[in-house]
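S.K.: Quick one: the structure is below, questions incoming.
The values are calculated or read from the model by the stated rules, or taken from the named source; none is laboratory data. These numbers come from a predicted model, not from an experiment. A quick note on method: Cβ atoms are made from the backbone with ideal geometry, for glycine too, and the neighbour counts reach across all protein chains shown.
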Amino acid sequence: MAGAIIENMSTKKLVIVGVILLLFQAFAFMVGGLIAPSPTTAIHYLATKCVDTVKHRQETKWFMPWGPNQCDKIRTFDEAMAKKIEANNIVFAVHIPMNNKEMSPWFQFMLVILQFDIAFKMYNQIEDGALVTIDVGLAYRDDTLGEWTEMAHSIEKRKLNCNFTTAKTFENEGRYYECDLLPFMEVGSVAHKYYLLNIRLPVNERKKINVGIGEIKDIRLVGIHQNGGFTKVWFAMKTFLTPSILIIMIWYWRRITLMSRPPVLLEKVILALGISMTFINIPVEWFSVGFNWTWMLLFGDIRQGIFYSMLLSFWIIFCGEHLMDQTERNRFSVYWKQVGPIVFGSFCLFIFDMCERGVQLTNPFYSIWASDVGTELAMAFIIVAGICACLYFLFLCFMVFQVFRNISGKRTSLPAMSKARRLHYEGLIFRFKFLMLVTLTCAAMTVIFFIISQVNEGHWHWGEHTVQVNSAFFTGIYGMWNLYVFAIMFLYAPSHKRYGDEQSSGDIGANSGEDIQLTTTITHVDGPTEIYKMTGKEAQE
Amino acid sequence: MTEEYVLRCVLMLCCALLSANASNWLYLAKLSSVGSIRDEETCERLRGLIQRQVQICKRSVEVMDAVRRGAQLAIDECQFQFRNRRWNCSTLETMPVFGKVVTQGTREAAFVYAISAASVAFAVTRACSSGELEKCGCDHNVHGVSPEGFQWSGCSDNIAYGVAFSQSFVDVRERSKGQSSSRALMNLHNNEAGRKAILSHMRVECKCHGVSGSCEVKTCWKAMPPFRKVGNVIKEKFDGATEVEQRKVGSTKVLVPRNSQFKPHTDEDLVYLDPSPDFCDYDPRTPGMLGTVGRQCNRTSKAIDGCELMCCGRGFQTQEVEVVDRCSCKFHWCCYVKCKQCRKMVEMHTCR
């Protein structure tokens, strides 16, 4: 990489750039914390127990829990017992959303969690490894009086993971088991206003279906969707960030093409980082408001995955290009050992995501965690991805260690070098240290905010204002990595000042015999700037 | 028209006279004849409500079915929790539902008030979740709701609405008296303690749904505990209830523990003013005081369900009875049980 802007900038300018970036950073946090509502909302639904009296129905009938045309309801199953209604005639109906409300495309996604209320009975306990077979249908309509249109229908199996915390005695009959939440449904777009879920738990003693699942009292669902307000703020942010990154990217690449030499690897990688950031920024989600694109959730995952793997690759290559160990790199193939785990790990996560969210495109009730084989497969993918991540970080740490070792080695020999070579190495050291510092800060910020958002209940009250910590986390961290990429492209772009500096290239030509790397990484020697001198002094001390 | 008006006045008068017992609204549980409470007319025909409660009923008719279920839930849970005690929460077919047992400021009264306030909050919240009610978490009368509406930031939890409704409906009797008698203070405190039993036992549940299901995005919500658990909590508070008396601190009247060596009660504890009677004998002057004659008891137990204590020292008689029990049953998850009948001889002890 040629003498970058960062080396030639005066301290004052660098500070100004830093302050501007910090202001934008604070702005990103504030947008999330003060304007946006919390990112997601969870709504409780208690399934209404409807009675289906017709034995063998030709067409599917949809059961509404309330409103006009509501079904025959029963309150409790004791009532059903008295009326001699069988389990197969009971339909659990849930209308999403609540009465008088309607869903909106701004909600982006909708996922539903299932919970059973199962009462403990001495003689009717949940058997070990009990499986529930759920016959579920999902329908939608867009006006309150229209007909329901079927959207999906499936027969799903879910494993009941329940335990009874108190002693299993007659005394404690009627207490509820504590059951794990069951993943139930995931829809990648909310294009319709009203949704209706009809759930049946058919019993077949011969085939051992739904036998030994205890005495079910109620079915509860929790519907989660992104808040419309958060989506709007998020889109606005993306729409603002896209042109900023795009412009700096074009500017960056123009600078590189203006140079006489072909771009080096690091410059290409920085461009790729910019492209992947733009890819994630482009607000294609705007289309999800108008179109019913269920794959948007999956697409979002893929975009994030590409960006993360690009960022990780960038760190490795940046370290490698600053190793200063006199070996020619500048080729992508040199880094296969380090980049390999990243590619392999993200590929594993991609396969996993395709197995979960990909299948959900056709069957929203599918869950890879529902079956034993699926759980093992999913765990296998995640563990392999985890191992890859560990491997990557070992490589990265080792490389950073090598760079620091070389830096301390070079420092001792710096005063003895020729001016051009000394400046070259000082530039390398400064560039590396700067990026190292910024990267560590960003990573630390991400981790800290992640922990805060996990531990915290989601919002802080500050006088009259409510600060949405989770929203601030999302917009803040997203803005931060954008600024990070922006800053890298700006500061590590080749400097203007080398133009017309023929003498310096000649100087390097003379020295290149003993230092091959110089040809790839340095083409300029200019009067050192203040900051340059400063770090140079530091390095000598 | 005039006839109806007169009738209404009489009803109101009845209500006013009977309002001495603030848990009269529990009588709603016994009103199965009314059917579902659908229109404002029905509100006036409901016995057991005071005028202000009738107003609330008219204002939010849709909630009243839930309130009635709440009353039933309170009575059922009370009977479950007190099944082994001398006073077993038996109800009468007349008003007041529990007879005169809860008219005094006893521990039992404290329990009844707490469980009924909690049960209304519980039943209303459940009705919200099943979509029967229109306002609920999105109601602007409930604090904590976002002004921007459902599409922007969703609604607040339904429990907030349930608790707020319980506060307005159940507490209105004490507040309407316009005085801070020690009994009103006790009832208000116990009502609040009952609701706290739900609020402080809400379970936090979370779901991760970030990239590939990671916890990058996590949504948490609070789930209501099962009512049996609420009942157990309030029963524990009953066992450790504090006897209090009214004292004036500054210009306000507060309840403080009668025994100053006890540490002061918290918001979640039950308080009572008068010691309980022993509930041993039938008392015709006190409706609801049925005594323990004929109650079953446990011979081996040393606790309150043991024959010694249950029968108040009167002794007990033992019978050999043949019990037809269900055994080797086959169950479906709902509504189907196929059993064999097993007969066995059991010793049954009843109080004299």
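Here is a yes/no grid of residues against (1) part of a loop (DSSP other than H, G, I, E, B); (2) farther than 19 Å from residue B:88 by Cα; (3) within 28 Å of the chain's Cα centre (by Cα):
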| site | (1), (2), (3) |
| --- | --- |
| B:290 | yes, no, yes |
| B:300 | yes, yes, no |
| B:314 | yes, no, no |
| B:318 | no, yes, no |
| B:326 | no, yes, no |
| B:330 | no, yes, no |
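S.K.: Quick one: count up the residues across the stretch A:282-313 that are assigned to a helix (DSSP H, G or I) and either within 27 Å of residue A:432 (Cα to Cα) or among the aliphatic types (A, V, I, L, M) (or both).
M.R.: 15
S.K.: Would you point out which residue out of A:451, A:407, A:382, A:387 is of a type in the set (Val, Ile, Thr), touching a Pro at 6+ places or on another chain (Cβ under 9 Å) and surrounded by fewer than 20 Cβ atoms within 10 Å (Cβ to Cβ)?
M.R.: A:387
S.K.: Answer with yes or no whether residue A:141 is surrounded by 19 or more Cβ atoms within 10 Å (Cβ to Cβ), out of contact with any helix residue (DSSP H, G or I) (no Cβ under 8 Å at 6 or more places or on another chain) and basic (Lys, Arg).
M.R.: no
S.K.: Which ones in the stretch A:153-175 are in contact (Cβ under 8 Å) with a residue 12 or more places away in the chain and farther than 21 Å from residue A:200 by Cα?
M.R.: A:163, A:164, A:165, A:168, A:169, A:170, A:172, A:173, A:174, A:175
S.K.: Looking at residue A:346 and the list (1) at pLDDT 90 or above; (2) away from every other protein chain (no Cβ under 14 Å), which single condition is not satisfied?
M.R.: Evaluating residue A:346 over (1) at pLDDT 90 or above; (2) away from every other protein chain (no Cβ under 14 Å) leaves (2) as the failure.
Rundown of residues vs (1) surrounded by fewer than 19 Cβ atoms within 10 Å (Cβ to Cβ); (2) within 14 Å of another protein chain (Cβ to nearest Cβ); (3) modelled with pLDDT under 85, yes/no style:
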{"position": "B:63", "(1), (2), (3)": "no, yes, no"}
{"position": "B:77", "(1), (2), (3)": "no, yes, no"}
{"position": "B:81", "(1), (2), (3)": "no, yes, no"}
{"position": "B:86", "(1), (2), (3)": "no, no, no"}
{"position": "B:92", "(1), (2), (3)": "yes, no, yes"}
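S.K.: Next question, about the same structure. Would you confirm, using the coordinates I've provided, whether residue A:37 is at pLDDT 85 or above and touching a His at 6+ places or on another chain (Cβ under 6 Å)?
M.R.: Considered against the rule, which asks whether it is at pLDDT 85 or above and touching a His at 6+ places or on another chain (Cβ under 6 Å), residue A:37 comes out as no.
S.K.: Before we move on, is residue B:323 surrounded by fewer than 11 Cβ atoms within 10 Å (Cβ to Cβ), over 30 Å from residue A:92 (Cβ atoms) and hydrophobic (A, V, I, L, M, F, W, C)?
M.R.: In short, yes.
S.K.: Just give me the residues in the stretch A:222-257 being in contact with a His (Cβ under 9 Å, 6 or more places away or on another chain) and not in a strand (DSSP E or B), in sequence order.
M.R.: Correct list: A:255 only.
S.K.: For residue A:118, state whether it is within 11 Å of chain B (Cβ to nearest Cβ), hydrophobic (A, V, I, L, M, F, W, C) and not in a loop (DSSP other than H, G, I, E, B).
M.R.: Here the answer is yes, as residue A:118 does meet what is asked.
S.K.: Give, as residue ranges, the helices (runs of 4 or more DSSP H) completely inside the stretch B:147-215 that count at least 2 residues that are of a type outside the set (S, T, N, Q) and away from every other protein chain (no Cβ under 14 Å).
M.R.: Per the criteria, B:158-170, B:172-176, B:182-199.
S.K.: Now, a different point. Looking for something in the same structural domain as residue A:481 (by TED's automatic domain parsing) and in contact with a strand residue (DSSP E or B) (Cβ under 7 Å, 6 or more places away or on another chain) - is there at least one such residue anywhere in the stretch A:427-444?
M.R.: Yes: the stretch A:427-444 contains one or more residues that are in the same structural domain as residue A:481 (by TED's automatic domain parsing) and in contact with a strand residue (DSSP E or B) (Cβ under 7 Å, 6 or more places away or on another chain).
S.K.: Looking at (1) more than 30 Å from residue A:435 (Cα to Cα); (2) small (Gly, Ala, Ser); (3) surrounded by fewer than 23 Cβ atoms within 10 Å (Cβ to Cβ), find the lone condition where residue A:36 falls short.
M.R.: Result: residue A:36 passes all but (3).
S.K.: Could you check, for the stretch B:238-251, whether at least one of its residues is over 25 Å from residue B:199 (Cβ atoms), in the same structural domain as residue B:70 (by TED's automatic domain parsing) and in a loop (DSSP other than H, G, I, E, B)?
M.R.: Checked the stretch B:238-251: at least one residue is over 25 Å from residue B:199 (Cβ atoms), in the same structural domain as residue B:70 (by TED's automatic domain parsing) and in a loop (DSSP other than H, G, I, E, B).
S.K.: Residue under question is residue B:347, and the condition is that it be charged (D, E, K, R) and within 24 Å of the chain's Cα centre (by Cα); does it hold?
M.R.: no
S.K.: Which residue, of A:224, A:216, is at the interface with chain B (Cβ under 10 Å from one of its Cβ atoms), aliphatic (A, V, I, L, M) and under 27 Å from residue B:80 (Cα atoms)?
M.R.: A:216
Listed here are the residues, each with its yes/no results for (1) assigned to a loop (DSSP other than H, G, I, E, B); (2) out of contact with any Asp or Glu (no Cβ under 9 Å at 6 or more places or on another chain).
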{"site": "B:48", "(1), (2)": "yes, yes"}
{"site": "B:57", "(1), (2)": "no, no"}
{"site": "B:73", "(1), (2)": "no, yes"}
{"site": "B:87", "(1), (2)": "yes, no"}
{"site": "B:94", "(1), (2)": "yes, yes"}
